[in-house]
1. If a residue has to be hydroxyl-bearing (Ser, Thr, Tyr) and either in contact with a helix residue (DSSP H, G or I) (Cβ under 7 Å, 6 or more places away or on another chain) or loosely packed, with under 15 Cβ neighbours inside 10 Å (or both) to count, how many in the range 155-196 make the cut?
2. In the range 84-124, which residues are buried (at least 19 other Cβ atoms within 10 Å of the Cβ) and in contact (Cβ under 8 Å) with a residue 40 or more places away in the chain?
3. Could you list, in sequence order, all residues of the range 54-63 that are within 16 Å of the ligand (Cβ to nearest atom) and either in contact with a helix residue (DSSP H, G or I) (Cβ under 6 Å, 6 or more places away or on another chain) or among the hydroxyl-bearing types (Ser, Thr, Tyr) (or both)?
4. Take the residues of the range 28-47 that are among the hydrophobic types (A, V, I, L, M, F, W, C) and surrounded by fewer than 16 Cβ atoms within 10 Å (Cβ to Cβ): which is nearest to the ligand (Cβ to nearest atom)?
5. Look at GLU52 and say whether it is surrounded by 12 or more Cβ atoms within 10 Å (Cβ to Cβ), assigned to a helix (DSSP H, G or I), within 16 Å of the chain's Cα centre (by Cα) and without any contact (Cβ under 8 Å) to a residue 40 or more places away in the chain.
6. For residues that are more than 35 Å from the chain's Cα centre (by Cα) and more than 18 Å from GLY55 (Cβ to Cβ), scanning just the range 2-15, find the one that is surrounded by the most Cβ atoms within 10 Å (Cβ to Cβ).
7. Sort out for me the helices (runs of 4 or more DSSP H) sitting completely within the range 159-268 that have 2 or more residues that are of a type in the set (A, V, I, L, M, F, W, C).
8. Among all residue pairs at least 6 apart or on different chains, which show Cβ distances below 6 Å where the first residue, located in the range 19-47, is assigned to a loop (DSSP other than H, G, I, E, B) and the second is modelled with pLDDT of 90 or more and more than 8 Å from the ligand (Cβ to nearest atom)?
Amino acid sequence: MIKNPLELYKHLDQSNCRRCLLPSCIAFSVAVIQGQKKLSDCPLLSAEKINELTGGIVRKKSMSEEQDAYLALLQEEIAQQDLKDIASRLGLPLKEETVGVKCLGKYFWINAQGGMASECHCNNWVHIPILHYLLQSKGLQPAGEWIDFPAIQDAGGKERFFAHRCEESMQQLVDEHTELFFEILDLFEAEEVRETEADKARILYPLPKVPFLINYWESEESFPSKLNILFDSKVSENTNVESVYMIGRGMVEMFHQLIIRHSSGELF
Ligand code: SF4
């Protein structure tokens, strides 16, 4: 069995000839394990070698495949529930055999099989947290006390990723497009926070009763700009850390795309 790129690399020509259109044999090994290239894409592998290796490679699932598998699992669980019970437990609206969940100011409607419909684009980063919310949330009112990502239950090990991929990436967007960024937040029913130490602060609701507080400080003389994202202290009762992380990454990607669309004149 070949479970990692290094094991596959040992079987390659190792000449880095680039005929597979990748910069090196190790890059090719990684691409094969991730399912982005086939062994036959390397012309220096003989048919016998390809036969020998085929079937022995344990392909790593891509992130989107893992998300699809998790989504299917959540949909199975939803199919065993009564949407009316869920709606009454969480105080959500029902419409034509679907339950509505408001995410960033827009309704997403979930049917009995866990399928999702909305006037907005339906992405996994919205769909998965919404299904998880329907199944697991206690629907508690926010306490009004803010905590940072590391203080969320089971956040251990993910803090670095959240800081880098969510907070730092969002800060970069805000630094480069400050005014536009906050105009975009208004499209998602962001609430302005007036009494704050930050220069700008907005609260977004990617899930009901799960507020995200975005604080931004502009750069000033020798002080660089700063951005952090905080959560209500009841966050772990209403969702889980995986959903928070997924939403954080999804929002950054969505804001980035909207900024690109604005630059090409498609937005506003
Ligand atoms: S074609 Fe084969 S030998 Fe050449 S770089 Fe790609 S993997 Fe390596």
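The values are calculated or read from the model by the stated rules, or taken from the named source; none is laboratory data. On a predicted model such as this, the values are computed, not experimentally measured, just so you know. In this analysis, Cβ positions are derived from the backbone assuming ideal geometry, glycine residues included, and neighbour counts consider all displayed protein chains.
1. To start, the set of residues in the range 155-196 that are hydroxyl-bearing (Ser, Thr, Tyr) comprises 169, 178, 196.
Subset that is either in contact with a helix residue (DSSP H, G or I) (Cβ under 7 Å, 6 or more places away or on another chain) or loosely packed, with under 15 Cβ neighbours inside 10 Å (or both): 169, 196.
Qualifying residue count, the range 155-196: 2.
2. ILE86, LEU92, VAL101, CYS103, LEU104, GLY114
3. To start, the set of residues in the range 54-63 that are within 16 Å of the ligand (Cβ to nearest atom) comprises 54, 57.
If the condition is that a residue be within 16 Å of the ligand (Cβ to nearest atom) and either in contact with a helix residue (DSSP H, G or I) (Cβ under 6 Å, 6 or more places away or on another chain) or among the hydroxyl-bearing types (Ser, Thr, Tyr) (or both), then THR54 is the only one that fits.
4. Kept after step one, since they are among the hydrophobic types (A, V, I, L, M, F, W, C), are these residues of the range 28-47: 28, 30-33, 39, 42, 44-45, 47.
Pick out the ones that are also surrounded by fewer than 16 Cβ atoms within 10 Å (Cβ to Cβ) and you get 44, 47.
On the way: LEU44: 4, ALA47: 14 Å.
Here the answer is LEU44.
5. Working: surrounded by 12 or more Cβ atoms within 10 Å (Cβ to Cβ): yes; assigned to a helix (DSSP H, G or I): yes; within 16 Å of the chain's Cα centre (by Cα): no; without any contact (Cβ under 8 Å) to a residue 40 or more places away in the chain: yes.
Considered against the rule, which asks whether it is surrounded by 12 or more Cβ atoms within 10 Å (Cβ to Cβ), assigned to a helix (DSSP H, G or I), within 16 Å of the chain's Cα centre (by Cα) and without any contact (Cβ under 8 Å) to a residue 40 or more places away in the chain, GLU52 comes out as no.
6. In this case the residue turns out to be ASP13.
7. Numbers: elements: 159-162, 169-176, 178-187, 235-238, 241-263.
In the range 159-268, the matching helices (runs of 4 or more DSSP H) lie at 159-162, 169-176, 178-187, 241-263.
8. Every condition considered, the pairs that remain are LEU45/LEU39.
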